[in-house]
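The values are calculated or read from the model by the stated rules, or taken from the named source; none is laboratory data. Since the model is a prediction, treat every value here as computed from it, not as a measurement. All Cβ positions, glycine included, derive from the backbone under ideal geometry; neighbour counts span all protein chains shown. Only protein heavy atoms, including side chains, enter the accessible area calculation; ligands, DNA and RNA are left aside. Shrake-Rupley method; radii C 1.70, N 1.55, O 1.52, S 1.80 Å.
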Amino acid sequence: MRHLLSTGDLSRDEATLILDTAAELAQVGDRSVKKLPTLRGRTVVNLFYEDSTRTRTSFELAAKRLSADVINFSAKGSSVSKGESLKDTALTLQAMGADGVVIRHSASGAAHRLANWVDGSVLNAGDGTHEHPTQALLDAFTMRSRLGRLDGLRVAVVGDILHSRVARSNVLLLTTLGAHVTLVAPPTLLPVSVHTWTCEVSYDLDAVLPKSDVVMMLRVQAERMHESFFPTTREYSRNYGLDGERLSRMPEDAIVMHPGPMVRGMEISAEVADSPRCTVTEQVANGVSLRMAVLYLLLSGS
Ligand code: CP
């Protein structure tokens, strides 16, 4: 494997190797000196054309913990504002010797295009509404850590599936790893091609909750919406929001996940977000170990 562009490219063995490697590397985070020499002399470029809090900082921390040199490039404040293309930007950074390029871009397919232009490994950190592979891998890692298995796990992914790269990457990865996924959303927030996805679909959150080991809540991506997809935010929350009352109807050991950023009061109440059953900050911590694993496996040459 040279690039990480889609979780659909991963076999069960490859995905399991990434999760197992992340579990080993997580121990580095417990040491007083949180650093390994593994990627000394390698250069990782973080190429971010879209805003990010978790993904950008955790890729940076992961690369630094492996002793790589890191260049953080953000489109804001760069020569992109003068009209420089993605290709020319990428070739400029490659000329500086990038071994790995982590890219987030608003265009679906941007990571695949980049992989044709640069010599190093490309890691997709989110391309439009298409995929977010490391998010799905850290989600699977968190489920396995909390619940001890992925095989046979019942996972509900709830919310704005239409605009979600996290949903697509999770469906592809979780089904490869033996979990059963149900997407829950109003019909207007499901892609027309959803019948071709390897999962079930429901419009009824209350029917799915009692049968779920994991409930993954997704943010409504207002920034990608150019029309109205539901009557009011209040009605959306009433039908598809997770509050304390709904949480109490989930199986006792079921967990609530969220990739972040959360909009409290919309898809998730503050009570649920702050509950010990909500893994949102645990997912962030696991994201560092998971991204260390991916960088190690792609860039170490081993
Ligand atoms: N989950 C996620 O991708 O968060 P950021 O947009 O903050 O990176």
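Tabulated results
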{"item": "Search result, residues across region 51-83 that are within 14 Å of the ligand (Cβ to nearest atom) and at pLDDT below 95", "result": "51, 72, 74"}
{"item": "Pairs with Cβ under 6 Å, 6+ apart, first in region 237-263 and in contact (Cβ under 8 Å) with a residue 40 or more places away in the chain, second assigned to a loop (DSSP other than H, G, I, E, B) and crowded, with 17+ Cβ neighbours inside 10 Å", "result": "254/212; 254/213; 255/279; 257/279; 263/219"}
{"item": "Where residue 231 falls short, out of the listed (1) over 20 Å from the mean Cα position of the chain (by Cα); (2) open to solvent by 50 Å² or more (accessible area, probe 1.4 Å); (3) modelled with pLDDT of 95 or more; (4) not hydrophobic (A, V, I, L, M, F, W, C)", "result": "(3)"}
{"item": "Cβ-Cβ under 7 Å pairs, at least 6 apart or on other chains, region 54-68 side of a type in the set (Asp, Glu), far side away from the ligand (no atom under 15 Å from the Cβ)", "result": "60/70"}
{"item": "Which listed residue, of 140, 111, 115, is among the small types (Gly, Ala, Ser), touching an Asp or Glu at 6+ places or on another chain (Cβ under 7 Å) and over 25 Å from residue 230 (Cα atoms)", "result": "111"}
{"item": "Residue within region 126-145 that is of a type in the set (Lys, Arg) and either more than 16 Å from the ligand (Cβ to nearest atom) or over 19 Å from residue 287 (Cβ atoms) (or both) present", "result": "yes"}
{"item": "Residue satisfying condition, being touching a residue at least 12 places away in the same chain (Cβ under 8 Å), over 23 Å from residue 17 (Cα atoms), buried (at least 17 other Cβ atoms within 10 Å of the Cβ) and over 19 Å from the mean Cα position of the chain (by Cα), within set 202, 164, 212", "result": "212"}
{"item": "Residue match in region 84-99 (condition: part of a helix (DSSP H, G or I), closer than 17 Å to residue 216 by Cα and without any contact (Cβ under 8 Å) to a residue 40 or more places away in the chain)", "result": "no"}
{"item": "Some residue of region 251-269 being assigned to a helix (DSSP H, G or I), more than 15 Å from the ligand (Cβ to nearest atom) and farther than 23 Å from residue 105 by Cβ", "result": "no"}
{"item": "Residues of region 104-149 that turn out to be assigned by TED's automatic domain parsing to the domain that holds residue 179, open to solvent by 10 Å² or more (accessible area, probe 1.4 Å) and either of a type in the set (Gly, Ala, Ser) or under 20 Å from residue 43 (Cβ atoms) (or both), as a count", "result": "2"}
{"item": "Residue within region 168-180 that is within 20 Å of residue 283 (Cα to Cα), open to solvent by 10 Å² or more (accessible area, probe 1.4 Å) and within 16 Å of the ligand (Cβ to nearest atom) present", "result": "yes"}
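For every residue, the table says whether it meets (1) away from the ligand (no atom under 16 Å from the Cβ); (2) touching a Gly at 6+ places or on another chain (Cβ under 8 Å); (3) closer than 20 Å to residue 113 by Cβ.
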{"site": "10", "(1), (2), (3)": "yes, no, no"}
{"site": "14", "(1), (2), (3)": "yes, no, no"}
{"site": "18", "(1), (2), (3)": "yes, no, no"}
{"site": "28", "(1), (2), (3)": "yes, no, no"}
{"site": "34", "(1), (2), (3)": "yes, no, no"}
{"site": "40", "(1), (2), (3)": "yes, no, no"}
{"site": "43", "(1), (2), (3)": "yes, yes, no"}
{"site": "85", "(1), (2), (3)": "yes, no, yes"}
{"site": "97", "(1), (2), (3)": "yes, no, no"}
